[in-house]
Amino acid sequence: MVAAGSGVRLGAGAPKAFVGLDAHTILRHALEHVFAGPLAQVIVVAPAERAGDALTEAHAAAGERRDLVGVVTGGATRQASVAAGLAAVWPDVDYVLVHDAARALTPPAVFARVIDALEDGHDAVLPVLPVIDTIKRVEGGAVVEAVDRASLAAAQTPQGFRRSVLDAAYADASADHTDDAALVQAAGVAVWTVPGAEQAFKITTPADLDRARLLLGAGAASVSSERGGAIVPRVGIGTDVHAFGGDGVLWLAGLEWPGEQALHGHSDGDAVAHAIVDAVLAAAGLGDIGTHFGTDQPEYAGVHAGAFLARTRALVEDAGYAIGNVSVQVQANRPRFAARRAEAEAVLSAALGAPVAVSATTTDGLGFTGSGEGVAAFAIAVVAPR
């Protein structure tokens, strides 16, 4: 799964595969279609700076089949990226399918057709669609002639190959090619075709992204107001609890509270900040705090609210959403928020890049918060497509 492209033409300010498409990223949608087809090892080729996010998306799509997933870093060109992915394929694999994450809605049936053709004895298989537009050859802005479209076809992915054939083609490659079928054909191997699918179009421009969102039933939320559509917000809910008993000083709502008992947690135990993160990620369809800031990530040990909220904001914006506002309520006997509420709201809002309202209450002695054992926080966040 090639997902290392920069996505410049898409203009989303993030690598294309990590741009939001309905409730998930383009990459997540592509992976879910892969896992809906014949089970196989899946190697995602991602930009170095997004390898961790790619693994998170792959694990989420794989579910219980995480053992099938791997992530490698892409190269300077598509061909170099595919070579990196090919090097990570298990030695006993006989067939390799190379798929572009940008073709995120490719139906599982296309994968099955490619595999069937390989099992029928073909060394290289390419899904195609017939060209339906009138094609002209143009030079210097002038039409030279019409091109007979009867013999033309539009290439799609996944492109499938016998493993030995693809390995040999990459080992002998002396020039860059636009796709793997062209590379293999240049090595003298015949390429067979199977029917592709209209849904397997490549998401390259903002118009393509709108088309994909419409196909997923998210048209109202993805068409901009200047084109006559209404922008529909998305709402997420987050909760977090932490017990008193941590080391050092209490950190809560992004503030240090001298003289108060610390909360126990992997980071600083800031239940308020963590509830906000959960709510914002849920609203954008990006999982939860454990997905991106789990205990298996030591870089977040002891980290305070600012780092969590800034990273959450980046994840949400990369997915194509803007944070509208967040409301969070703290349930605890201590600390007393009244005197520092405005300060907490300012710190949290600055880190998240969106208004955060904080309220506080007690539970009249009921439950673990009422007995002073810990703190609970509940947040609601609103995001909308940018």
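The values are calculated or read from the model by the stated rules, or taken from the named source; none is laboratory data. From a predicted model like this one, the values you see are computed outputs, not experimental measurements. Every residue, glycine among them, receives a Cβ derived from its backbone with ideal geometry; neighbour counts consider all protein chains shown.
Structure data summary
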| quantity | calculated |
| --- | --- |
| Residue list for the stretch 30-49, filter: buried (at least 24 other Cβ atoms within 10 Å of the Cβ) and either acidic (Asp, Glu) or over 19 Å from Ala83 (Cβ atoms) (or both) | Ala30, Leu31, Val34 |
| Of residues in the stretch 171-204 being in a helix (DSSP H, G or I), touching a residue at least 24 places away in the same chain (Cβ under 8 Å) and of a type outside the set (Val, Ile, Thr), the one surrounded by the most Cβ atoms within 10 Å (Cβ to Cβ) | Asp180 |
| Some residue of the stretch 108-131 being free of Cβ contacts under 8 Å to residues at least 12 places away in the same chain and either under 23 Å from Ala46 (Cα atoms) or in a loop (DSSP other than H, G, I, E, B) (or both) | yes |
| Residue check, Ala84 within 24 Å of Leu166 (Cβ to Cβ), in contact with a Gly (Cβ under 8 Å, 6 or more places away or on another chain) and in a helix (DSSP H, G or I) | yes |
| Of residues in the stretch 346-359 being crowded, with 19+ Cβ neighbours inside 10 Å and out of contact with any helix residue (DSSP H, G or I) (no Cβ under 6 Å at 6 or more places or on another chain), the one farthest from Gly324 (Cα to Cα) | Val347 |
| Residue ID - farthest from His59 (Cα to Cα), chosen from residues in the stretch 268-321 that are touching a helix residue (DSSP H, G or I) at 6+ places or on another chain (Cβ under 6 Å), aliphatic (A, V, I, L, M) and modelled with pLDDT of 90 or more | Ala273 |
| Test set (1) surrounded by fewer than 19 Cβ atoms within 10 Å (Cβ to Cβ); (2) at pLDDT below 95 - Gly121 fails condition number | (2) |
| Matching option when the condition is within 24 Å of Pro15 (Cβ to Cβ) and either small (Gly, Ala, Ser) or under 21 Å from the mean Cα position of the chain (by Cα) (or both), among Ala338, Ala377, Ala332, Ala310 | Ala310 |
| Residue selected from the stretch 220-236 under the condition crowded, with 16+ Cβ neighbours inside 10 Å and assigned to a helix (DSSP H, G or I), by the criterion modelled with the highest pLDDT | Ala221 |
| Test: residue in the stretch 360-368 that is in a helix (DSSP H, G or I) and modelled with pLDDT of 90 or more | yes |
| Filter result (closer than 17 Å to Val2 by Cβ and not polar (S, T, N, Q)) within the stretch 126-162 | Leu126, Pro127, Ala155, Pro158, Gly160, Phe161 |
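Yes/no matrix, rows are residues, columns are (1) within 17 Å of the chain's Cα centre (by Cα); (2) not in a helix (DSSP H, G or I):
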| residue | (1), (2) |
| --- | --- |
| Glu32 | yes, no |
| Pro38 | no, yes |
| Val45 | yes, yes |
| Thr56 | yes, no |
| Asp67 | no, no |
| Gly70 | yes, yes |
| Leu105 | yes, yes |
